[in-house]
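Take a look at the structure below.
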Amino acid sequence: MKKKILISTGGGDCPGLNAAIRGIAKAAKRAKGWEVWGSKEAFNGVFSDPPELLKLTAKKTAGIHVKGGTILKTTNKGNPLEYPVQEADGSWTKVDRSQELVDRIHDLGFYAVINIGGDGSQKISQALYEKGLNIIGAPKTIDNDLAATDLTFGFSTAVQIATESFDKLVTTAESHHRVMIMEVMGRHAGWIALHTAIAGGAEICLIPEIPYDLDKILAKINKRYIKGRGFVNIVIAEGAIPRNGTVVGRRAADLGDQHIKLGGIGNYLRMELEEKGCKPQIRTTTLGHIQRGGTPVAFDRILATAMGVKAFELVEQEQFGRMVSYRNNEIESVPLEEAVKGNKFVSPDGYLVNVARSTGVSFGD
């Protein structure tokens with residue numbers, strides 16, 4: 001009888017998820033004696049009655065590495081440790097369904113689980129492992145904020161999309177002598193904004209790790225204009241904050257979603273600058289989920305495929321309770337416990353920040 005592996009893709013989607021799924025399925029087929037299945041919408045597929053599971057045959061996974069998103073679909077509303085349940089009065093509460101999830105996975109005959117996701121997903125992996133589930137984590141997030149890996153797949157594609165968009169704004173900013181503000185994703189970590197600023201040649205880069213001073217931003221803008229002529233391009237992470245200020249966002253309107261949805265800092269910065277007397281015209285662009293979609297770049301396809309293959313190898317070797325990691329150009333693994341200890345943030349004194357400063361980028365500090 002073949003051993004069954006279950007794959008889950010949870011949290012936000014990103015380019016490269018399908019390549020990882022394909023990598024697992026390809027490696028399992030080559031090894032023989034294995035069956036690979038996917039749970040629809042993270043672990044919600046297991047909780048569904050009947051279970052919503054997809055057998056990942058060679059036909060189902062053929063050619064999917066070039067597609068964005070995930071063929072298994074995903075959700076950020078199915079955390080089994082804090083599962084959202086609506087009460088009779090319409091209010092929402094959270095219940096721990098993790099043991100029920102482990103029992104269901106065992107009852108369905110699965111030998112092991114590969115959970116592909118970011119920081120939140122890997123915390124779930126660790127909790128399920130502690131309850132006796134044979135589980136392996138694989139890191140994905142466009143934010144690149146997992147501390148136990150040098151890179152996560154999805155990040156390079158998000159940076160490429162952001163940089164291409166930024167390049168287009170530079171030319172129109174120059175043509176109209178305008179200040180262009182482009183808002184990118186980055187809740188707590190400013191990696192996308194920082195990489196985009198260096199690649200695109202931004203004048204100003206605002207990230208969560210370095211609170212900005214409005215007066216210093218205005219001084220930088222004014223320095224770029226001579227007799228009303230000049231232009232400035234600003235890239236700002238959605239989680240950027242002014243000094244002594246807070247993030248811009250609102251509680252999600254979706255039922256069962258407890259997250260604070262960030263977004264709007266670009267327009268907020270524009271309003272602040274205009275109220276402060278900024279004379280040049282200001283325009284804003286918010287990339288939003290454009291960064292999450294589309295075809296993954298070659299590097300993300302390679303990284304995701306390699307991580308998928310490694311995840312299967314860890315299952316085959318019974319090295320459970322570990323997460324695949326990319327370090328020093330090698331694919332290895334680390335204990336899940338280590339992987340979820342903390343996040344990887346941009347260091348204000350780090351090498352890339354110094355590179356940006358050396359090329360004239362202001363962080364508003």
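The values are calculated or read from the model by the stated rules, or taken from the named source; none is laboratory data. All values reported here derive from a predicted model rather than from experimental measurement. Glycine gets a Cβ as well: all are built from the backbone with ideal geometry, and neighbour counts include every protein chain shown.
Find all pairs meeting these conditions: Cβ atoms under 6 angstrom apart; at least six residues apart or on different chains; first residue within segment 50-71 and touching a residue at least 12 places away in the same chain (Cβ under 8 Å) and over 15 Å from Asp13 (Cβ atoms); second residue among the aromatic types (Phe, Trp, Tyr) and surrounded by 15 or more Cβ atoms within 10 Å (Cβ to Cβ). Pairs that qualify, where the first residue is touching a residue at least 12 places away in the same chain (Cβ under 8 Å) and over 15 Å from Asp13 (Cβ atoms) and the partner is among the aromatic types (Phe, Trp, Tyr) and surrounded by 15 or more Cβ atoms within 10 Å (Cβ to Cβ), are Leu53/Trp37; Lys55/Trp37.
Right, Lys168: more than 26 Å from Lys220 (Cα to Cα) and either surrounded by fewer than 24 Cβ atoms within 10 Å (Cβ to Cβ) or not polar (S, T, N, Q) (or both) or not? Criteria not met by Lys168.
Checking each residue of segment 284-306 against the condition of being crowded, with 19+ Cβ neighbours inside 10 Å, of a type in the set (S, T, N, Q) and closer than 19 Å to Phe166 by Cα gives at least one match.
Out of curiosity, is Arg178 surrounded by fewer than 24 Cβ atoms within 10 Å (Cβ to Cβ), of a type in the set (Lys, Arg) and in the same structural domain as Glu272 (by TED's automatic domain parsing)? Criteria met by Arg178. For segment 282-335, filtered to residues that are aliphatic (A, V, I, L, M) and more than 21 Å from Arg30 (Cα to Cα), the residue that is farthest from the chain's Cα centre (by Cα) is Ile282.
Put simply, of Asp13, Asp96 the only residue that is under 26 Å from the mean Cα position of the chain (by Cα), assigned by TED's automatic domain parsing to the domain that holds Gly137 and within 18 Å of Asp300 (Cβ to Cβ) is Asp13.
The set of residues from segment 107-125 being assigned to a helix (DSSP H, G or I) and either surrounded by 21 or more Cβ atoms within 10 Å (Cβ to Cβ) or touching a residue at least 24 places away in the same chain (Cβ under 8 Å) (or both) comprises Asp119, Gly120, Ser121, Gln122, Lys123, Ile124, Ser125.
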